[in-house]
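Down below is the structure, laid out as structure tokens.
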Amino acid sequence: MSIDILFELQQETRRLFIAGSAMAAGDLRLTKLLPRLRNLGESAPVFKRLADATDELLAAEREESAAKLLELGTLLSAVLYTQGRTETAGESQPVQGAGVGLKTDTTYRKLNPLILALTTKGQGRLEQIRASFEDGSFLDLRALQAICSALDDSYAEIPDYVQEKLIPAFGSDAVPVLRSQLNLQGGKGDGRRLQLLHRQLGRSMIDLVAEAAVDGSPEVKIVAVSILGEYPEQESLVLQLSREKRKEVRSAAYFSLAKLGTAAALQRLYEAAVSKDRELAVDPIRASASSELMGRMIRFGEDALERHLSGEGSDKSEAAEQIRTAISCLEGSGRQMAAETYSFLRKLLSSEAFLVQETETTQEAAAELLLELDWPEADRFAIELGDAGRGSFLGHGFRAAFRQMPPADVYHRYAGFLSKGKSKAAKELLGAIRSLAAYQTRGDEERDGAGVVPEAAWDPRWVQLFIRLDLPELVCLFAQRADRDVTDYLTGKLQNAKANDWHVYDILLALFRIRYREAPELLMGHLEKGAGRHLYYLNWQHKRLIASMPKAYAPRLRAFAEQAAYESVRNELFSIIEALEEKPDDAAEEGGRGLWGWIRNKMS
Amino acid sequence: MPTITEAYVDSLAPNAGAIKNGRDLVKKNSFPQLNETEDGSLLFGECKGSGKEPYRCSVDFANEANPVFRCTCPSRQFPCKHTLGLLYARALGKSFERADIPQDIAEKRDKAEKREEKKKEAAAADNGDAAKAKRKTNKSALVKKIAVQLDGLGMLEKLVLQLTQSGLGSVDKKTLQMVEEQAKQLGNHYIPGAQAGLREFVLTMRAEGDREAVYTSAMEKLLALRALTKKGKSYLEQRAENPDLPMETASTLEEQLGHAWQLAELREYGRVQTDAELVQLAFLSYADEARGEFADTGWWIDLKEGAIRVTRHLRPFRAVRALREEDTFHGVVKAEELFVYPGDLNARVRWEASTFRDPEPADYAKIKALAAPSYPEVVKQAKNVIKNPLADKNPVLLVAFRSIERMGDEYLLRDAQGKPLPVADIGLGGRPTTPMLSLLGDEELRDQAALVMFRHDLEANRLSVQIMSIVTDRRIVRLLY
């Protein structure tokens, strides 16, 4: 074949280009080719020219060789460029397109940054992907592949975002790409693919899911197992998978069993809960919210309690663990079986032998569960427990009492404990009061400035008690009106406080809230005392306080703002003061609140 | 005034950042004042900036094809985000109050008009003086320049011979450093094209990876350099002898040596097409390391001539921030004057003033009708080009196809006679396009036209194409950008 000899010649010239044309003179292999070239040259002139060029190269002096080699190379490559084959061997079939009807209209300047962000490494990628999502330019055929591949990205937030937002937006158009990329033996990204495919295709791909659940790599398997929970007919497979070696797979299987909720599934969950897998089983059991299972867990807990009371050594501690599992399972769902749960908890918390230091966390959980039942009988029992002098339950008792008794009785019953100084009981109780007050005032700051507990819920004597005990932050939370003793106490605290003590602002906010007449003057004084030097930025307290000032203080505030060390602070101050000045006079009284709302609006 | 769409404003912006910033200004309500004149030819407004005084920006459509952007901001970006924001505000349907044209802009308009008139007068006067008043070239300077160019080519030739003699196998770091040094020196010889060619050789040799493939492409680079020096020398020698000879316009030789064609020169050589209509079929921007610039490349079809034209906007790396980044363009461009550079199958083009319109179904039908029907013909055409050592080795053509087919992992196009054309990814800007083929629908896969780039694989002795776009009766499916 004449083409073959061209290739041979090409090989030899290429060799000489690498070795150097200086080696060309009399080259053996080229010499060997020459007669055949000459032969072909008789019929085709182009071969004659090649033969001549080869001849010249073979005969060339060292200095001439380079030019000759280049000449031969030029001639040869020109010939070869005309020889490129375009035929194909074998049968071809028309491409069966997936028919993805996506546009390809996104321009280079918008699409290229997205594709770079999806396919390269470096910072700022997620931001770019977000921007493309927000302006919709990612919905393009050319981005689809890169987007689906990004499910494997090592920067987890990108696959998260892509899985959550981008791919679902493609709908069924993403299916062919996800399918072609899916590798059941792959990593986490393939788990995501399986999930996305299932979201699109649903039941029609259950066979693939089942296959993945049996033969897939661990990451894929876990996803597959959790999908199976939606299909009752897969019960036996899930049951089988719940005995897998890998913990993560078992955990996923338990969740799926909880979703299935069949008798066999619940039986298996129960088995898991009473076996070594108890930690894994707790959350699925809670999720299942099955009363039958709850009932069994209660009975299991009761049995465990008996074993705990009668057992010794390792049996005893094992039983304690089992009790703990039972309680964990009931958390959040105890109310649906309040009577049974209560009777179990009562038994548990009345057993002196169980109330030892080793089981403290379980006791704590049991007491919490007791309150969670929100059941009068349980509350009464909690109060009793608290009264029994066991410091650790005093807080629970107090919370139960707060629910069950009038405020005066609660005060009467518990105030005494606080006077006991640093006792454990006092600490417990104070903790309970603090968290209850924090719960009641939660969100108040955002809505309306300084928080205050609801007046009707607490006995008014509490605030006096806190003053006596010198607990300023509780005084702030409990102060309802500008009574002399409250204001005296708080202003006293203010005087002793250091300039940048954050308590100062809590106290000032409380004083404004209870409409203490001197509050504006106190704030002004505090600011003028040099607080401005320490202001690096304005927090909500500063803004709220300044916005609460009467209009008359505007000039003094301006003077203060001029002194502020930082420009950003100064600007913010000025904008608040301007708003203050624009405020109509009659709104002066109520204005603080309106103005605060306005400022918050502006800041958000 | 043209209808202002978001896409139109996007296309005016110098880069993606400007698009975002301009839009954000509208989103943040930074335009307290938006006005337009009675005749709608001028949009103007005020935009809040960081300073005390707002920026006053305006867009003047007195000359529709060439709007004038004005703004009082100090930004060097042009058009700045404020004028873009003004246009986005219009595109997004914000209300513009009627107002009289501001004094300063009226004055500027007058001045511009006068300038135009003067220009026209001057042009008319020129035409009066007629053909003789061609640009004068300083002959002695030209001869001197050619001598320097020849000197440079001589240097390059010697280097190429030297490299060939000692062989690519003996090229080491030190040699490459020497070659680079020489390339630097070529910078003084007015042959930047040849200089870039030499740099390409260095970059090829420095490339990581398969040594054998590196040798093959380095050998091709040597052959190309050899062809360039040889042809360049004989051409320049001729011109040195007779400076009155016209410049070479039959091939890309001038450009390959590094000549930057000026529009006036192209006009002089009659390389101007009037009232051309072009549609962009594909776009790609890539970094040309040897030349140190980004090449924003567009492939267009000339609706009249049927030829595939190329636009190439070069943005040197060091000037990237100041230059406009070109973009995909969806409309039909109407250019009064289309300047066509010397070239083979895909001549480079440029235009100064243009208007545009949205493409219609008739345009797509027209494009499809322009597609080459027979592959043997097309292949012959391509081979005829690439066999020339100085030619563009990757010609781009529009071909009709009956079907896109698949054989295992390989794809191919088939024409109406059943002749195949192998499809492969040839590394266009690193963007493979074949994986997208199987996602398309039947409509796109049968009886359409494809814009393809050729590549001859020397090792496998195979000529294949990469599909860049598919033109259907309704749309252009762009597989690149």
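The values are calculated or read from the model by the stated rules, or taken from the named source; none is laboratory data. Computed from a predicted structure; not experimentally measured. No Cβ is skipped: glycine too gets one built from the backbone with ideal geometry, and neighbour counts run over all protein chains shown. Each accessible area value is taken on the protein alone, full model and side chains, heavy atoms only, with ligands, DNA and RNA left out. Shrake-Rupley method; radii C 1.70, N 1.55, O 1.52, S 1.80 Å.
Restrict the check to segment B:390-402 and report whether at least one residue is open to solvent by less than 50 Å² (accessible area, probe 1.4 Å), within 7 Å of chain A (Cβ to nearest Cβ) and at pLDDT 90 or above.
No, every residue in segment B:390-402 fails to be open to solvent by less than 50 Å² (accessible area, probe 1.4 Å), within 7 Å of chain A (Cβ to nearest Cβ) and at pLDDT 90 or above.
Yes or no, residue by residue, for (1) open to solvent by 20 Å² or more (accessible area, probe 1.4 Å); (2) within 14 Å of another protein chain (Cβ to nearest Cβ):
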{"position": "B:L314", "(1), (2)": "yes, no"}
{"position": "B:L323", "(1), (2)": "yes, yes"}
{"position": "B:V332", "(1), (2)": "no, no"}
{"position": "B:Y341", "(1), (2)": "no, no"}
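Residue-by-condition table, conditions (1) open to solvent by 40 Å² or more (accessible area, probe 1.4 Å); (2) farther than 18 Å from B:A371 by Cβ; (3) in a strand (DSSP E or B); (4) in contact with a Lys or Arg (Cβ under 9 Å, 6 or more places away or on another chain):
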{"residue": "B:Y286", "(1), (2), (3), (4)": "yes, yes, yes, no"}
{"residue": "B:A290", "(1), (2), (3), (4)": "no, yes, no, yes"}
{"residue": "B:F294", "(1), (2), (3), (4)": "yes, yes, yes, yes"}
{"residue": "B:G298", "(1), (2), (3), (4)": "no, yes, yes, yes"}
{"residue": "B:I301", "(1), (2), (3), (4)": "no, no, yes, yes"}
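Collect the residues in segment B:454-481 that are more than 7 Å from every other protein chain (Cβ to nearest Cβ), farther than 22 Å from A:S137 by Cβ and charged (D, E, K, R), keeping them in residue-number order.
Within segment B:454-481, B:R455, B:D457, B:E459, B:D473 qualify.
Within segment B:417-432, does at least one residue satisfy the condition of being within 7 Å of another protein chain (Cβ to nearest Cβ) and either open to solvent by 50 Å² or more (accessible area, probe 1.4 Å) or closer than 25 Å to B:G331 by Cβ (or both)?
No, every residue in segment B:417-432 fails to be within 7 Å of another protein chain (Cβ to nearest Cβ) and either open to solvent by 50 Å² or more (accessible area, probe 1.4 Å) or closer than 25 Å to B:G331 by Cβ (or both).
So which pairs qualify, if the first residue must be in segment A:563-579 and over 16 Å from A:L545 (Cα atoms), the second must be of a type in the set (D, E, K, R), the Cβ gap must be under 7 Å, and the two must be at least 6 apart or on different chains?
A:A564/A:R570; A:A565/A:R533
Yes/no per residue for (1) open to solvent by 20 Å² or more (accessible area, probe 1.4 Å); (2) more than 9 Å from chain B (Cβ to nearest Cβ):
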| residue | (1), (2) |
| --- | --- |
| A:D4 | yes, yes |
| A:E8 | yes, yes |
| A:L40 | yes, yes |
| A:P45 | yes, yes |
| A:L50 | no, yes |
| A:T54 | no, yes |
| A:E61 | yes, yes |
| A:G73 | no, no |
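Residues being at pLDDT below 90 and among the hydrophobic types (A, V, I, L, M, F, W, C): count how many of those fall in segment B:405-415.
Adding up the residues that qualify gives 1.
Here's the yes/no breakdown for (1) within 14 Å of chain A (Cβ to nearest Cβ); (2) open to solvent by 10 Å² or more (accessible area, probe 1.4 Å); (3) of a type outside the set (A, V, I, L, M, F, W, C); (4) touching a helix residue (DSSP H, G or I) at 6+ places or on another chain (Cβ under 8 Å):
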{"site": "B:R267", "(1), (2), (3), (4)": "no, yes, yes, no"}
{"site": "B:D275", "(1), (2), (3), (4)": "no, yes, yes, no"}
{"site": "B:L278", "(1), (2), (3), (4)": "no, no, no, no"}
{"site": "B:G306", "(1), (2), (3), (4)": "no, yes, yes, yes"}
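Look through B:A89, B:A106 and report the one residue that is closer than 17 Å to B:N35 by Cα and not assigned by TED's automatic domain parsing to the domain that holds B:I19.
Unique residue meeting the criteria: B:A106.
How many residues does segment B:136-190 hold that are polar (S, T, N, Q) and away from chain A (no Cβ under 14 Å)?
8
Report, ordered by the first and then the second residue, all pairs with beta carbons closer than 9 Å, sequence separation of six or more or different chains, a first member in segment A:238-249 that is open to solvent by 100 Å² or more (accessible area, probe 1.4 Å), and a second member that is in a loop (DSSP other than H, G, I, E, B).
A:K247/A:D277
Going through segment A:83-141 one residue at a time, which ones are within 11 Å of chain B (Cβ to nearest Cβ), open to solvent by 20 Å² or more (accessible area, probe 1.4 Å), of a type in the set (D, E, K, R) and in contact (Cβ under 8 Å) with a residue 24 or more places away in the chain?
Selection gives A:K103, A:D105, A:K110, A:D135.
Give segment B:244-274 a look and list any residue that's closer than 19 Å to B:L198 by Cβ and touching a residue at least 24 places away in the same chain (Cβ under 8 Å), or say none.
Scanning segment B:244-274 gives B:T252, B:L253, B:E254, B:E255, B:Q256, B:L257, B:G258, B:H259.
Somewhere in segment A:170-184, is a residue surrounded by fewer than 18 Cβ atoms within 10 Å (Cβ to Cβ), at pLDDT below 85 and under 30 Å from B:G331 (Cβ atoms)?
no
In segment B:229-240, which residues are open to solvent by less than 10 Å² (accessible area, probe 1.4 Å) and either touching a strand residue (DSSP E or B) at 6+ places or on another chain (Cβ under 8 Å) or at pLDDT 90 or above (or both)?
Matches in segment B:229-240: B:T229, B:G232.
Which count do you get for residues in segment A:255-286 that are open to solvent by 60 Å² or more (accessible area, probe 1.4 Å), over 17 Å from A:Y231 (Cα atoms) and not charged (D, E, K, R)?
Residues in segment A:255-286 being open to solvent by 60 Å² or more (accessible area, probe 1.4 Å), over 17 Å from A:Y231 (Cα atoms) and not charged (D, E, K, R): 1 in total.
Condition (residue is closer than 24 Å to B:C80 by Cα and in a loop (DSSP other than H, G, I, E, B)) applied to segment B:306-324: is it met by at least one residue?
There is at least one residue in segment B:306-324 that is closer than 24 Å to B:C80 by Cα and in a loop (DSSP other than H, G, I, E, B).
Residues checked against (1) over 12 Å from the mean Cα position of the chain (by Cα); (2) not aromatic (F, W, Y):
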| site | (1), (2) |
| --- | --- |
| B:T297 | no, yes |
| B:W300 | no, no |
| B:K304 | yes, yes |
| B:A307 | yes, yes |
| B:V310 | no, yes |
| B:F317 | yes, no |
| B:H330 | yes, yes |
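Kindly list the number of the only condition in (1) farther than 22 Å from B:D392 by Cβ; (2) within 14 Å of chain A (Cβ to nearest Cβ); (3) of a type in the set (S, T, Y) that fails for B:T216.
Tallying (1) farther than 22 Å from B:D392 by Cβ; (2) within 14 Å of chain A (Cβ to nearest Cβ); (3) of a type in the set (S, T, Y), B:T216 fails exactly one: (1).
With respect to the numbered conditions (1) more than 13 Å from chain A (Cβ to nearest Cβ); (2) surrounded by 15 or more Cβ atoms within 10 Å (Cβ to Cβ); (3) under 30 Å from the mean Cα position of the chain (by Cα); (4) β-branched (V, I, T), which one is the sole condition not fulfilled by B:V9?
Against the list (1) more than 13 Å from chain A (Cβ to nearest Cβ); (2) surrounded by 15 or more Cβ atoms within 10 Å (Cβ to Cβ); (3) under 30 Å from the mean Cα position of the chain (by Cα); (4) β-branched (V, I, T), B:V9 comes up short only on (1).
Go through (1) farther than 14 Å from B:G193 by Cβ; (2) in contact (Cβ under 8 Å) with a residue 60 or more places away in the chain and name the single condition B:G232 misses.
Unmet condition: (1).
Scan segment B:364-377 and report the pairs whose first residue is polar (S, T, N, Q) and whose second residue is open to solvent by less than 60 Å² (accessible area, probe 1.4 Å) and in a loop (DSSP other than H, G, I, E, B), with Cβ atoms within less than 9 Å and a gap of 6+ or a chain change.
Between residues of segment B:364-377 that are polar (S, T, N, Q) and residues that are open to solvent by less than 60 Å² (accessible area, probe 1.4 Å) and in a loop (DSSP other than H, G, I, E, B), the close pairs are B:S374/B:D415.
Pairs under 7 Å by beta carbon, first residue at positive phi in segment B:450-478, partner assigned to a strand (DSSP E or B), six or more apart or different chains?
What qualifies is B:N461/A:R85.
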